[in-house]
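To start, the structure under review is shown below, and the notes come after it.
The values are calculated or read from the model by the stated rules, or taken from the named source; none is laboratory data. Since we're looking at a predicted model, the values are computed, not measured. Every residue, glycine as well, gets a Cβ built from its backbone with ideal geometry; the counts of neighbours run over all protein chains shown. Heads up: the accessible areas ignore ligands, DNA and RNA and are worked out on the full protein's heavy atoms, side chains in. Shrake-Rupley method; radii C 1.70, N 1.55, O 1.52, S 1.80 Å.
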Amino acid sequence: MRTFRGGLTIGLAVAVLVAAAAVAYERYDTRTLKRTIRRGEVLCGVNAGLPGFSAPDDKGIWSGFDVDFCRAVAAAIFDDPSKAKFIPLDASERFKELQSRKVDILSRNSTWSMAREENYDLYFPAVAYYDGQGFMLPRSRNIETALDLNNSKVCVQDGTTTLLNLADYFRTNNMKYEEMKFPKLEEVIKAYDSGKCDTFTADVSQLYALRLNMAKPNDHIILPEVISKEPLAPVVRQRDDDWMMIVKWTLYAMINAEELGVTSKNIDEALKSKKPDVMRLVGNEGTYGEDLGLTKDWAVRIIRHVGNYGEVYERNVGAESKLHIPRGLNQLWNAGGIQYAPPIR
Ligand SMILES: N[C@@H](CCC(=O)N[C@@H](CS)C(=O)NCC(=O)O)C(=O)O
């Protein structure tokens, strides 16, 4: 009888433990790396269509800065950048969808903010692109500063930090505005295009991208004021540290490679380099890749297939792209910007 009761107690304790583990598993996904490797591809949540950042062409081939970052993660893991699958996500649903494991990583012009990490149990490993919010409006309106936007109708997308900063900016400057808010980007653009709004507000990089798609891009100007900090970063789930480390160090490998002058074109020479920093980057010294759960040439794979940070920037949004966004804050720290990667050592 005593044994029976003891067995019952143990049974109950085991059941409680299993239930607690199930709850913990539901809340925290700690197995993304294993699942990704088993699946053979990285699932990337991206913007449905933002030229320069992420957009499919007419054959369904994706390109852009955010797309390349996902390809870099796939290259680090699989030595094959094509092992990244792109899943377009709306602004308002993106964090819930990452939380519910629809994607492994969000690489979608998402601003790192405290509430987003707290409310969705997410983590933004490192800043991929320092952005800020601005205003676009028809050149014909002859407005040169955002402080002259009093009483404007402002087009803005719902579910974004943009909406919150807009309210702060007008309140701080004692100005009135009418919020013309839409859940989908197409609706915001349509409203702006058809003259329903006096101005359109979004991250400056997005204004550059969207202006390209206007019938007459030259008819629209972007005002000089940048009214917020928008550190755009990839996003992963909290307490999934193996995965978070890979995402974080993929970006840092790209930034360090640029700082060390290692590019997709000279990577084979870099493999012969005797410079200690370069030797660590390319895996000829230390076990940095193995310690990430990858191979020693993890960074070589990224640089060879996708390029260093500067190459990715210039190709997609900088001088070699249609957007021509100056490097600005995204220049390396030793060249006037604030992109700064901790060392690989
Ligand atoms: N960085 C801001 C804004 C990001 C954002 O989603 N912006 C909109 C306005 S351009 C967008 O990309 N929309 C595209 C879409 O929802 O498909 C954020 O993280 O909230």
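Restricting 295, 263 to residues that are touching a helix residue (DSSP H, G or I) at 6+ places or on another chain (Cβ under 9 Å), under 24 Å from residue 236 (Cβ atoms) and outside any helix (DSSP H, G or I) narrows the list to 295. For beta carbons closer than 7 Å, sequence separation of 6+ or different chains, a first residue in segment 192-208 that is assigned to a helix (DSSP H, G or I) and a second that is open to solvent by 50 Å² or more (accessible area, probe 1.4 Å) and within 14 Å of the ligand (Cβ to nearest atom), the qualifying pairs are 204/226. Sort through 193, 219, 240, 203 and tell me the only one that's more than 9 Å from the ligand (Cβ to nearest atom), outside the structural domain of residue 119 (by TED's automatic domain parsing) and surrounded by 14 or more Cβ atoms within 10 Å (Cβ to Cβ). Within the list 193, 219, 240, 203, the selection yields 193. Condition first: under 30 Å from residue 240 (Cβ atoms) and assigned to a strand (DSSP E or B). Now tell me which residues in segment 134-164 satisfy that. Within segment 134-164, just 157 meets the criteria.
Just one of the listed residues (92, 110) is under 23 Å from the mean Cα position of the chain (by Cα), open to solvent by less than 20 Å² (accessible area, probe 1.4 Å), of a type in the set (S, T, N, Q) and within 11 Å of the ligand (Cβ to nearest atom), namely 110.
Taken together, the residues in segment 63-80 that are more than 15 Å from the chain's Cα centre (by Cα) and open to solvent by 30 Å² or more (accessible area, probe 1.4 Å) amount to 3.
Could you tell me whether residue 118 is in a helix (DSSP H, G or I) and surrounded by fewer than 18 Cβ atoms within 10 Å (Cβ to Cβ)? When the stated conditions are applied, residue 118 passes them.
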